[in-house]
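Participant: Have a look at the structure that comes next, please.
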Amino acid sequence: MRYPIFLSLLLLLPLLGLVRAQEVSEEEVPEASPIDNLTLDQGCCSDLYLGDDETLMKCFTIHSDRLPPDGDTDMGKTLKFLSCFVECLYKQRKYVGKSETINMKMVKLDAETLYAGRPKEQAYHIRMFDFCRKDAMNLYNLLKASPGAKAMLKNACRPFLLMVYLCQTEYHKKHECPYFRWEGREKSNTKKSCHDAKVKCYELDGVPAPVEH
């Protein structure tokens, strides 16, 4: 079920890139730590992180009727599906705040539950959402000011949340790449090497690696 979602994201990213080009900003990218350098060259940070499978599947099932059929490149339909899909994801986690906000109190509480006993992952999760809720507001305001984008946002489900989500999917590549976000690729035969390196890093930190289903 991930493929159509991934494809839809790829279709939407060029539009956001064009709007983003209107901004004048400079971002500092922190240097990778020695532990991160272990597998960065193997492409372990190259894939989008979409979220846990259970929540993705549930929301995809709820909104699958909105997904444009194969071959349909109507960006408005794609955006409508993605916006409703993402709204569902955040509602499942109770992350949706009043108006155009992310409820950071619920993000923090959820992080404590999701990553119990793993403080680095808790801090990362909170830091990512805090950054993305602010970054998303800037991009959302730019989209509303663009006639073309504004037309495509019509009848979408809370586009602001989609901006947060798109930021989230790219955050680990643009700002940092902690070992617990390392993922390899089947095509390049790096799945096992990235997984083994991730487990090794958990061991170095003295934290049990999460059980993968």
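Any read-out appearing in this document is the output of simple, stated calculations on the displayed coordinates, not a laboratory observation. The structure presented is a predicted model; accordingly, all values stated were derived computationally and were not measured. Ideal geometry is used to build each Cβ from the backbone, glycine not excepted, and the neighbour counts take in all protein chains shown.
Participant: Which ³J(HN,Hα) values in Hz, rounded to whole numbers, follow from the phi angles of the range 151-162 under the Karplus curve 6.51 cos²θ - 1.76 cosθ + 1.60, where θ = phi - 60° and Gly and Pro get x?
Facilitator: Running phi through 6.51 cos²θ - 1.76 cosθ + 1.60 with θ = phi - 60° gives 5, 6, 6, 4, 6, 7, 8, 6, x, 4, 5, 5 Hz.
Participant: Please work out the FRET efficiency for the pair residue 146 and residue 77, using the Cβ-Cβ distance as r and a Förster radius of 25 Å; give the result to the nearest 0.05.
Facilitator: Between residue 146 and residue 77 the formula returns 0.85.
Participant: For residue 192, give me every one of the lysines with a C-alpha distance below 25 angstrom, ignoring sequence neighbours fewer than eight places off in its own chain.
Facilitator: 120, 173, 174, 200
Participant: Residues of the range 95-121 with the amide nitrogen closer than 15 Å to a label point 7 Å from the Cα of residue 131, along Cα-to-Cβ, please.
Facilitator: 121
Participant: List the lysines whose Cα lies under 23 Å from the Cα of residue 150, skipping any in the same chain that are fewer than 8 positions away.
Facilitator: 77, 80, 98, 134
Participant: Oh, and also: Based on the Cβ-Cβ distance of residue 154 and residue 70, what FRET efficiency does E = 1/(1 + (r/R0)^6) give at R0 = 22 Å, to the nearest 0.05?
Facilitator: 0.35
Participant: Out of all Cα-Cα pairs in the range 53-178, roughly what percent, to the nearest whole number, are more than 21 Å apart?
Facilitator: 43 percent
Participant: Whose amide H sits under 5 Å from the amide H of residue 102, counting only residues 5 or more places off or on another chain, with H placed in the peptide plane?
Facilitator: The list, which skips near neighbours in sequence, is 97.
Participant: Which whole-Hz ³J(HN,Hα) couplings does the range 107-123 yield from phi under the Karplus relation 6.51 cos²θ - 1.76 cosθ + 1.60, θ = phi - 60°, glycine and proline marked x?
Facilitator: After applying 6.51 cos²θ - 1.76 cosθ + 1.60, I find 4, 5, 5, 5, 4, 5, 7, 4, 10, 4, x, 10, x, 5, 6, 4, 4 Hz.
Participant: Kindly flag which residue pairs out of 154/198; 108/191; 58/154 have an alpha-carbon separation exceeding 32 Å in this structure.
Facilitator: Too far apart for the 32 Å limit: 154/198.
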